[in-house]
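A short reminder: the numbers here are calculations on the coordinates, not readings from a lab. Since the model is a prediction, treat every value here as computed from it, not as a measurement. For neighbour counting, all protein chains shown are included, and Cβ atoms are generated from backbone atoms with ideal geometry for every residue, glycine included.
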Amino acid sequence: MKRRSIGVIMNGVTGRMGGRDHLERSIMAIRAAGGVRVGDTELWPEPVLIGRDPTRLRALADRHGLDRWGLDLDAALSDSANEIYFDAQATVQREAAVRRAIAAGKHVYVEKPAALTSASALALATEADARGVRHGVVQDKLFLPGILQLSRLIEEGFFGRIFSVRGEFGYWVFDDIVGGRQRPSWNYRAEDGGGIVLDMYAHWRYLFDELFGGVKALVNRSERHVPIRADETGRRYDATADDAAYAIFELGNGAIAHFVSSWCVRPYRDDLFVMQVDGERGSALATLRDCKIQPAAATPVARWNPTGPAPELRAGWIAAPEREEPMNAFRVQWEHFLRHVVLDEPYPWTLAAGARAIQLAELAQVSSAEARWVAVPDLVA
Ligand SMILES: NC(=O)c1ccc[n+]([C@@H]2O[C@H](COP(=O)([O-])OP(=O)(O)OC[C@H]3O[C@@H](n4cnc5c(N)ncnc54)[C@H](O)[C@@H]3O)[C@@H](O)[C@H]2O)c1
């Protein structure tokens, strides 16, 4: 077996996503599995951890048995062994760092949202293309086991004509005045790149684009239900960003989607994100890890009965056929990106797709501010 090493600069790994989902569960998991096998070659990511806090970086490197870490991004960028720049910093920091990486000729792979505005993300896409480097944006939900199963059902025509999609995302995020710390405080400050619309509509956009033929229009209402939270030091601050959003989308395939995205909900459902698709020949309900279906032939006659249970409503649902071993969604996309960089395999999840994702969030805010339906035009550089 030949080894093809690929130096990967990882910036923002002391954070939640960078440390857990990208370093530990993706890059280190790939190495633990012997790299990404391609014929008689293993693609072998060699991370260098970059950040601002030497104590935390050293501890993280030690924990993973890594010896490459540092505070100097430019030094890492000037090392030709480092071919990829990965960014999971807080969103406000991303654009400038990615621009430096592109200028240094590195392939770039970044967390979503790719930048603070669609125009900035599109500019980065143009710069990357002009410099001849490959680029990608995290679209992890596409690779969740439940969504992969749903996507196969769509490809196989299980639903017939799809007319409705319902998405529910969210959970209770404590204000940190009462309750434990779950998420960094910048998430609740608009001026720091926070807000659930920018955070989650990026995901909804690529799901719509890949599964339902895109999105033509939307009407959205953004809300900030919890006005005061406490930050990492315990100091109270005004939460300036939206923490819940309620939207209806007209999808490219003609279906209507309605999505609730909320950090202010106590869910009573199977998962933190569930998506139901209804079509003329069947329905499906995807969670993060699996997917249930109800074909037309198994659809029960529903009865209105306020004095007793309604067992028939759940009885007609069965598990969708399981086709593959579920893998961590972030890792799956990393493997695709490594193959794209080394083998030139197609990779549609680019900075341009990342720009479309931000565009949906921007238009959702216009809709909310102006209380009207908004069309989603094609985004061109
Ligand atoms: N794909 C997903 O499902 C998903 C989920 C959550 C967050 N994200 C994205 O991942 C990115 C990181 O989010 P996170 O929750 O890991 O955040 P985090 O606050 O836990 O981590 C942020 C990282 O950026 C670094 N950083 C650099 N400059 C900073 C600054 N000025 N302020 C704060 N941190 C700074 C921090 O040191 C840390 O390493 C964000 O862009 C977010 O939108 C993606």
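Observations on the structure shown:
- Sorted by Cβ density within 10 Å, fewest first, the residues Trp69, Trp204, Trp373: Trp373, Trp69, Trp204
- Highest mobility in the GNM of the chain, judged by mean-square fluctuation with C-alpha springs under 10 Å and restricted to Ser80, Ser222, Ser151, is found for Ser80.
- When you work out D = kT/(6 pi eta Rh) for region 327-372 at 25 °C and 0.890 mPa s, using the Kirkwood radius from C-alpha pairs as Rh and the Stokes-Einstein form, the result is 192 µm²/s.
- For region 122-210, GluC sites (Glu not before Pro) are listed when DSSP marks them as loop and at most 14 other Cβ atoms sit within 10 Å of their Cβ; the list is Glu156.
- For region 300-381, the Kirkwood estimate of hydrodynamic radius, built from reciprocal distances between every pair of different alpha carbons, is 18.3 Å.
- Degrees separating the helix 118-131 axis from the principal Cα axis of the chain, which is the longest one: 40 degrees
- Percent antiparallel among DSSP beta bridges (both partners in the chain, rounded to 5): 60 percent
- Proximal aspartates and glutamates to Lys106, defined as alpha-carbon separation beneath 13 angstrom and excluding residues fewer than eight positions away on the same chain: Asp74, Asp79, Glu83, Asp87, Glu127, Asp129
- Stokes-Einstein translational diffusion, the chain - Kirkwood Rh over all Cα pairs, 1.306 mPa s, 10 °C, in µm²/s: 72 µm²/s
- Here Trp186, Trp263 are placed in order of increasing Cβ neighbour count within 10 Å, fewest first, which gives Trp186, Trp263.
- Against the main long axis of the alpha-carbon atoms of the chain, helix 351-370 sits at an angle near 50°.
- Prolate/oblate/rounded label for region 236-381 (Cα gyration tensor, a/c 1.5): oblate
- In a simple Cβ point-charge model (Lys, Arg +1; Asp, Glu -1; nothing else charged), the chain has a dipole of about 420 debye relative to its Cα centre.
- Helix axis angle, 329-343 relative to the chain longest principal axis, alpha carbon, degrees: 50 degrees
- Computed over region 283-332: relative contact order in percent, which uses C-alpha pairs under 8 Å that are six or more apart: 35 percent
- As a rough footprinting exposure proxy, the listed residues Ile177, Ile27, Ile248 were ranked by other beta carbons within 10 Å of their own, and the order from fewest upward is Ile177, Ile248, Ile27.
- Contact order relative to length of region 34-121, as percent, for alpha carbon pairs under 8 angstrom and 6 or more apart: 19 percent
- CD proxy at 222 nm, helix term only [per DSSP H run n ≥ 4: -39500 (n - 2.57); per residue of the chain; nearest 500]: -8500 deg cm²/dmol
- Sequence-distant contacts, meaning Cα pairs under 8 Å at least 6 residues apart, place the relative contact order of the chain at 20 percent.
- Within straight-line cross-link reach of Lys292, lysines at Cα separation under 29 Å, skipping those fewer than 8 residues along the same chain: Lys112, Lys141, Lys216
- Potential lengthening of the chain between Ala319 and Ala369 amounts to 13.9 nm, from the contour at 0.36 nm per residue minus the alpha-carbon distance.
- Note that region 194-282 shows a convex hull volume over its alpha carbon atoms of 116 Å³ per residue.
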